[in-house]
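Q: If you scroll down you'll find the structure; I have some questions about it.
The values are calculated or read from the model by the stated rules, or taken from the named source; none is laboratory data. Note that the coordinates shown come from a computational prediction; the quantities given were computed from them, not determined experimentally. Cβ placement follows ideal geometry from the backbone for every residue including glycine, while neighbour counts extend to all protein chains displayed. Side chains are part of the model used for accessible areas, which takes the heavy atoms of the whole protein and leaves out ligands, DNA and RNA. Shrake-Rupley method; radii C 1.70, N 1.55, O 1.52, S 1.80 Å.
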Amino acid sequence: MCLILPKVRLNVKERLLRRLRRCRDGGLRIRLLILINLLNGRSAYETAEVLGVHNTTVYRVAKRFRCYQEAGLLDAREDNGDQKLNESYLGVLYKVVRGSPQDYGWRRPTWTRELLVETMVRQTGVRIAVTTMSKALALVQARRGRPRPRVRCPWSKAAQTRRLNQIRTLLQTLPRGHVAVYEDEVDVHLNPKIGLDWMGLGQQKEVMTPGKNQKRYLAGGLDVWTRRLVWVEGERKTSALFLDLLDKLLETYPHAKVIHVVLDNYRIHKSEIVQAALAGYLHGRIELHFLPPYSPDHNRIERIWQDLHANVTRNHKCPNMVSLMCEVRYYLRKRNRKLLQSDGSKPHKRAAA
């Protein structure tokens with residue numbers, strides 16, 4: 001050990017220990033730990049194994065300590081000049097990465113780190129390495145993800161806003177004795193939806209599929225105020241399934257004067273049989289409020305279906321539709337029970353007669 005580090009006074013070791021306890025810089029902390037291990041009699045290879053670093057790193061830190069004492073522990077790169085990843089650079093990168101390469105004159109539709117480097121040279125005049133771009137992307141909290149497919153709404157922006165404002169005003173000023181729910185349907189496939197999952201190094205998990213797919217459908221209503229879910233099941237997604245849900249809502253809220261249903265423009269919601277039912281036996285107790293076309297973000301029940309897929313149908317191992325539907329029912333009932341336990345949720349007082 002004397003060939004690696006010179007003998008030091010006890011007060012130097014104590015000073016290094018105090019500095020280690022106060023240190024918040026990861027790199028400096030490793031260098032301090034290397035010195036303390038060496039001064040305590042460990043060899044360079046033992047120190048490297050304990051700290052999980054390469055033995056050349058241990059020798060380099062020891063050499064700098066021999067030459068410059070404690071000043072050698074500082075990061076020498078601090079004298080390299082102005083930092084490239086400054087606030088101005090990161091601000092431009094934050095804006096660039098939220099756009100598309102085609103917005104900046106490139107033909108490619110998706111970003112790569114190399115393309116971001118070239119774009120930032122055009123925008124700021126500063127060139128950085130590709131590996132440094134990885135660090136910059138982490139600093140602006142950028143991530144690689146799958147874009148969400150969307151269909152453009154055929155309505156004008158003003159028409160969309162007017163309809164959404166009407167629905168928002170209705171929900172905020174709901175008369176006493178009235179109930180409001182968000183409605184939508186969801187498909188449950190026996191063939192599992194394939195989703196991301198954690199795996200071990202060199203492992204690729206397998207999801208067994210039955211081959212021939214089967215489907216079931218759920219129509220649900222999410223209470224705007226209590227967040228409880230009412231649903232019905234069916235083998236086909238038709239107007240009959242939707243009418244079954246309306247009957248279930250009437251059964252769930254027997255004292256509600258009017259049940260307001262916020263829903264999308266799917267054809268089963270506007271069929272002749274539905275119109276006849278609304279004018280006939282439903283007798284004005286249910287009112288439908290249609291969202292602008294292709295506006296799933298404004299239908300809150302969509303999030304419930306996303307959670308259902310994440311917790312049940314994605315990568316599932318159910319051998320048949322019976323067991324899969326048991327899992328679906330268990331998850332949805334458990335969700336309603338949790339709401340009751342967490343906030344004592346009851347039918348909203350506005351639903352009382």
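Q: Report, in debye and to the nearest 20, how large the dipole of the chain comes out about its Cα centre when Lys and Arg carry +1 and Asp and Glu carry -1 on their Cβ.
A: 1080 debye
Q: Taking every pair of distinct Cα atoms and averaging 1/r, then inverting, what Kirkwood hydrodynamic radius in Å comes out for the chain?
A: Evaluated on the chain, it is 26.8 Å.
Q: For segment 22-119, taking Cα atoms only, what is the radius of gyration to one decimal and the Dmax to the nearest whole Å?
A: 20.6, 60
Q: Continuing with the same structure: For segment 191-233, restrict the atom set to alpha-carbon positions and state the Rg and Dmax in Å.
A: When restricted to the Cα atoms of segment 191-233, Rg and Dmax are 17.2, 47 Å.
Q: If the reach is capped at under 14 angstrom between alpha carbons, list the aspartates and glutamates near LYS205, excluding any in the same chain fewer than eight residues apart.
A: ASP197
Q: Give me the distance in nm between label points sitting 7 Å out from Cα along the Cα-to-Cβ direction at ASP187 and ARG267, one decimal.
A: So the label points at ASP187 and ARG267 sit 1.5 nm apart.
Q: Each residue of segment 216-225 in order: what ³J(HN,Hα) in whole Hz does its phi give by Karplus 6.51 cos²θ - 1.76 cosθ + 1.60, θ = phi - 60°, with x for Gly and Pro?
A: For segment 216-225, the Karplus-derived couplings read 10, 10, 10, 10, x, x, 9, 4, 4, 9 Hz, x marking Gly and Pro.
Q: Separate question: Working with all protein chains in place, sort PHE65, PHE290 by solvent-accessible area computed with a 1.4 Å probe, largest first.
A: PHE290, PHE65
Q: Here's a follow-up. What is the antiparallel percent of DSSP beta bridges lying wholly in the chain, to the nearest 5?
A: Antiparallel: roughly 60 percent of the beta bridges in the chain.
Q: Please find the FRET efficiency linking ARG18 to ARG127, where r is the Cβ-Cβ separation and R0 is fixed at 41 Å, and quote it to the nearest 0.05. Show your work: numbers first, answer last.
A: On the way: r = 41 Å, r/R0 = 1.01.
Taking R0 as 41 Å, the efficiency between ARG18 and ARG127 is 0.50.
Q: How much length is gained if the chain between ARG143 and GLU46 is pulled fully straight, taking 0.36 nm per residue apart and subtracting their Cα-Cα distance, in nm to one decimal? It would help to have the intermediate numbers written out before the result.
A: Working: separation 97, 0.36 × 97 = 34.92 nm, distance 3.77 nm.
That works out to 31.2 nm of additional length.
Q: Of the cross-linked pairs LYS237/LYS317; LYS215/LYS338; LYS193/LYS270; LYS212/LYS317, which ones have a Cα-Cα span greater than 20 Å in the structure shown?
A: Result: LYS237/LYS317; LYS215/LYS338; LYS193/LYS270 exceed 20 Å.
Q: How do LEU10, LEU39 stack up against each other in accessible area, from largest to smallest, with a 1.4 angstrom probe?
A: Reading off the accessible areas and sorting them downward yields LEU10, LEU39.
Q: Provide the gained length on full extension for the span ALA159 to TYR94, in nm with one decimal, where the gain is 0.36 nm per separating residue minus the Cα-Cα distance.
A: Extra length from ALA159 to TYR94 when fully extended: 20.2 nm.
Q: Ignoring everything but the protein chains, give the 1.4 Å probe accessible area of TRP106 in square angstrom, nearest 10.
A: Rounded to the nearest 10, that gives 60 Å².
Q: Take the Cα radius of gyration of segment 107-259 and divide it by 2.2 N^0.38 Å, with N its residue count; two decimals is plenty.
A: 1.64
Q: For MET120, what accessible area in Å² do you get when you roll a 1.4 Å probe over the heavy atoms of the protein chains, rounding to the nearest 10?
A: Rounded to the nearest 10, that gives 0 Å².
Q: Between VAL258 and GLU287, with labels modelled 7 Å along Cα→Cβ, what's the label distance in nm to one decimal, could you check?
A: For VAL258 paired with GLU287, the spin-label model returns 0.2 nm.
Q: Something else: Mind listing the long-range amide H neighbours of TYR294? Cut-off is under 5 Å, sequence gap 5 or more, other chains count too, H placed in the peptide plane at 1.01 Å from N.
A: Amide H neighbours of TYR294, under 5 Å, 5+ apart: ASN265.
Q: Residues of the chain: accessible area per residue at 1.4 Å, in Å²?
A: 65 Å²
Q: Quick check: with the 1.4 Å probe, what order do ARG107, ARG329 take by accessible area, largest first?
A: Details: ARG107 220, ARG329 65 Å².
Ranked list, largest accessible area first: ARG107, ARG329.
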